[in-house]
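**Student:** Just passing along the structure, written as structure tokens.
The values are calculated or read from the model by the stated rules, or taken from the named source; none is laboratory data. Please read all numbers here as calculations on a predicted model, not as lab measurements. We place every Cβ from the backbone using ideal geometry, glycine too, and count neighbours over all the protein chains shown. Note: accessible area is taken over every heavy atom of the protein model, side chains too, but ligands, DNA and RNA are not part of it. Shrake-Rupley method; radii C 1.70, N 1.55, O 1.52, S 1.80 Å.
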Amino acid sequence: MKRKIMVFDTTLRDGEQVPGAKLNLHQKIEIAQQLKRLNVDIIEAGFPASSAGDFQAVQEIARSVGNSVSITALARAVKSDIDAVYESIKLAQNPLIHIVLGTSNIHVEKKFSRSKDAVLQMGVDAVKYAKTLLPQVQYSTEDASRSDFEYLWETIEAVVKAGATMINVPDTVGYAVPEEFGELIRKINERLKNLDDRVILSVHCHNDLGLATANTLSAIKNGAEKVECTINGLGERAGNASLEEVVMGLKVRENYFNAYTNINTTELHRTSKLVSHLTGLDVQVNKAITGDNAFAHSSGIHQDGLLKDKRVYEIMSPEEVGADSMELILTARSGRHAFKNAVEKMGFDTSDADDFEQLFAKFLTLADAKKEVYDHDVFYLVTNHRTVEQSSKQLYELESFQVVSNDLYPTATVKLNKGTESMKGSAVGDGPIDALYSAIKTLVGLEIELKDYKINSLSRGMEAVGRVNIRVEHQGKIYSGRAMDTDIIKASANAFLNGINGILLDLVKDEK
């Protein structure tokens with residue numbers, strides 16, 4: 001009998017902890033809806049005790065996709081955290097409380113400054129309290145791979161007796177190697193099945209040594225029944241185990257692992273692209289499964305072999321992961337059906353008829369100007385449209401601008417709107433972008449330092465869409481801004497304003 005492996009996606013919690021990957025509420029819901037189409041078993045939607053915004057996001061995700069996907073959120077082993085998780089996920093059909101507490105000596109001694117017995121009792125008390133709220137409780141033994149085994153097992157045994165229904169064994173700092181980690185899971189699995197064979201054994205691997213996927217697959221081979229992953233391997237430091245790599249590893253080598261998942265693999269590529277675009281974090285071109293070159297062949301020997309039989313150099317087809325080999329090029333004559341298909345391929349929802357008609361009208365305008373519209377153009381169109389629709393009237397919006405570039409006095413004049421207020425200003429800079437940003441800074445009146453500026457071409461042709469990613473610092477805190485446009489100066493201005501609007505939203509929260 002092949003074992004079914006549960007897939008727990010933590011892109012919206014652990015993945016979002018990457019610097020610069022902050023998502024707003026609507027972006028999180030967009031990703032959650034795509035994760036539902038991907039058919040993950042559990043979505044970890046956030047850390048609700050961390051902020052009111054995170055609480056609201058988890059709650060909205062539970063409302064929007066919790067009818068068919070199990071929803072969880074992270075809690076430390078304290079009552080207030082557990083309450084926040086419960087209140088944010090209770091509307092889901094199958095909610096799960098996730099508690100995390102360290103078990104390694106360095107966590108117990110340095111992080112908690114308590115005895116091992118005291119920390120163990122914290123975990124037991126947390127599980128007992130969580131069980132009064134919901135029947136499903138997962139307990140994560142943080143830094144398990146660096147823990148003393150007998151203390152680790154003593155903790156697992158105690159929290160299972162207290163009511164934990166899932167035990168998650170994290171390689172929190174990416175310290176483990178596959179053979180060693182597999183052996184750890186084998187030993188825990190044997191004892192756990194003797195203790196209570198209904199408890200699900202899970203793993204959560206980090207990629208500090210580039211071994212997260214290998215460690216996860218080794219754990220599955222040795223008895224793990226659930227894996228925690230992120231799309232594109234996003235996560236703290238070097239990231240987490242990549243969902244697409246683990247899933248396709250099991251699919252391609254199903255006979256070796258004797259296991260499978262319920263993931264709809266044809267949604268992997270568009271899920272990867274959606275997360276990449278919304279976070280502004282590009283996938284490396286040679287990334288397994290979802291990189292641009294994952295199915296590209298340039299060697300003459302490879303090409304010759306492929307022409308004779310694809311199996312000569314491909315162990316899976318691009319179609320299996322949703323990476324269509326043919327891109328449908330749209331024009332003004334393509335019609336609603338073709339445009340709708342292109343939008344849905346990107347993982348966006350098109351169920352709101354009025355919103356789709358507004359979007360289609362903007363597509364026709366772009367198609368008239370650009371003649372040929374590619375996938376990246378469609379993505380720009382949708383994200384820009386929805387950002388405008390969702391923007392607060394108390395935030396800054398670019399109305400118009402003029403930039404003059406020369407080697408003497410590059411200047412910029414900018415007109416901004418903030419609600420009903422309109423403002424205009426000019427500045428001179430070291431270059432066109434510096435002049436533009438200096439003019440904007442003067443108008444908004446905030447002390448901001450530009451830390452990073454990056455521009456990428458997202459499409460082809462003379463009217464290609466450019467994406468600008470920036471990072472700015474305000475009062476010691478880093479904020480990200482992203483924008484796309486066929487005019488890179490306009491994209492630069494909007495990216496800067498998006499970063500400024502992030503600062504304003506933080507200031508409003510601080511005042512409250």
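**Student:** How big is region 466-509 on each of its three principal axes, counting only the C-alpha atoms and giving the largest first in Å?
**Tutor:** 33, 17, 10
**Student:** Using modelled amide H (1.01 Å from N, peptide plane; none on Pro or chain starts), what sits under 5 Å from the amide H of G102, excluding residues fewer than 5 places away?
**Tutor:** E142
**Student:** Rounded to the nearest Å, what's the spacing between the alpha carbon centres of region 64-99 and region 141-213? Just the number, please.
**Tutor:** 22 Å
**Student:** Let me know the Rg and Dmax you get for region 19-112 when you use only its Cα atoms, in Å.
**Tutor:** Cα-based Rg and Dmax for region 19-112 come out at 14.1, 43 Å.
**Student:** List the residues of region 204-230 whose backbone N lies under 20 Å from a point placed 7 Å from the Cα of N286 along the Cα-to-Cβ direction.
**Tutor:** Under 20 Å, as judged by backbone N against the label point of N286, lie 207-214 of region 204-230.
**Student:** Right, next: Using the beta-carbon distance between N406 and I478 and R0 = 41 Å, what value does 1/(1 + (r/R0)^6) give for FRET efficiency, to the nearest 0.05? Working shown, then result.
**Tutor:** Numbers: r = 32 Å, r/R0 = 0.79.
According to the calculation, E is roughly 0.80.
**Student:** Okay, moving on. Mind checking the dipole of region 16-147: about its Cα centre, +1 per Lys or Arg Cβ, -1 per Asp or Glu Cβ, Debye to the nearest 20? Working shown, then result.
**Tutor:** Numbers: 15 positive and 14 negative charges, 21 e Å.
Charge dipole of region 16-147: 100 debye, to the nearest 20.
**Student:** With the contact rule set at Cα under 8 Å and sequence spacing of 6 or more, what percent relative contact order holds for region 163-220? Display every interim value, and only then the final one.
**Tutor:** Numbers: 75 pairs, mean separation 30.7, N = 58.
Value for region 163-220: 53 percent.
**Student:** Could you order peptides 252-265, 418-431, 89-102 by the average number of other Cβ atoms within 10 Å of their residues, highest first? Please list the in-between numbers first.
**Tutor:** Working: 252-265: 15.1, 418-431: 13.2, 89-102: 21.9.
Top to bottom by mean Cβ count within 10 Å: 89-102, 252-265, 418-431.
**Student:** Run the numbers for A158 and K116: contour at 0.36 nm per residue of separation, minus the present Cα-Cα distance, in nm.
**Tutor:** Details: separation 42, 0.36 × 42 = 15.12 nm, distance 1.28 nm.
That pair, A158 and K116, stretches by 13.8 nm at full extension.
**Student:** For the chain, what relative contact order do you get, as a whole percent, if you take Cα pairs closer than 8 Å and at least 6 residues apart? Let's see the in-between values first.
**Tutor:** Numbers: 1005 pairs, mean separation 51.8, N = 512.
It comes to 10 percent, rounded to a whole number.
**Student:** Still on this model: Given a 1.4 Å probe and every protein chain left where it sits, what share in percent of the accessible area of region 436-500 is carbon and sulfur? Each step should come with its number before you reach the end.
**Tutor:** Working: 1350 of 2920 Å².
Answer for region 436-500: carbon and sulfur cover 46 percent of the accessible area.
**Student:** Shifting gears a bit: Quick one: with all protein chains in place, what share of the accessible area of region 93-242 is carbon or sulfur, to the nearest percent (1.4 Å probe)? Mind showing how you got there, number by number?
**Tutor:** Details: 2730 of 5730 Å².
Summing carbon and sulfur atoms, their accessible area is 48 percent of the total for region 93-242.
**Student:** Further question on the same structure: Kindly list the residues of region 470-500 that lie in the label zone of K22, defined by a backbone N under 20 Å from the point 7 Å along the Cα-to-C-beta vector.
**Tutor:** 470-484, 492-500
**Student:** Do any trypsin sites (Lys or Arg not before Pro) in region 1-75 lie in a DSSP loop with no more than 14 other beta carbon atoms within 10 Å, and if so, which? Before the final figure, lay out each step's value.
**Tutor:** Numbers: sites: K2, R3, K4, R13, K22, K28, K36, R37, R63; in loops: K2, R13, K22.
Answer by residue number: K2.
**Student:** Right, here's the next one. Give me the dipole magnitude in Debye, nearest 20, for the chain about the Cα centre, with unit charges on the beta carbon: positive for Lys and Arg, negative for Asp and Glu.
**Tutor:** 600 debye
**Student:** Follow-up question, since we're still on this one. Kindly report the accessible area of the chain per residue (heavy atoms of protein chains, probe 1.4 Å, no ligands, DNA or RNA), in Å². Spell out each step's value before the answer.
**Tutor:** Working: 23360 Å² over 512 residues.
With the other protein chains kept in place, the chain gives 46 Å² per residue.
**Student:** Take the alpha-carbon positions of the chain, form their convex hull, and give its projected area averaged over all directions (one quarter of the hull surface) in nm². Mind dumping the intermediate values first?
**Tutor:** Details: hull surface 108.4 nm².
Its Cα hull, projected and averaged over all orientations, spans 27.1 nm².
**Student:** Also: Could you calculate the contour length gain from S51 to E421, that is, 0.36 nm times the residue separation minus the distance between their Cα atoms, to one decimal place in nm? Walk me through the intermediate numbers first.
**Tutor:** On the way: separation 370, 0.36 × 370 = 133.20 nm, distance 3.00 nm.
Answer, rounded to one decimal: 130.2 nm.
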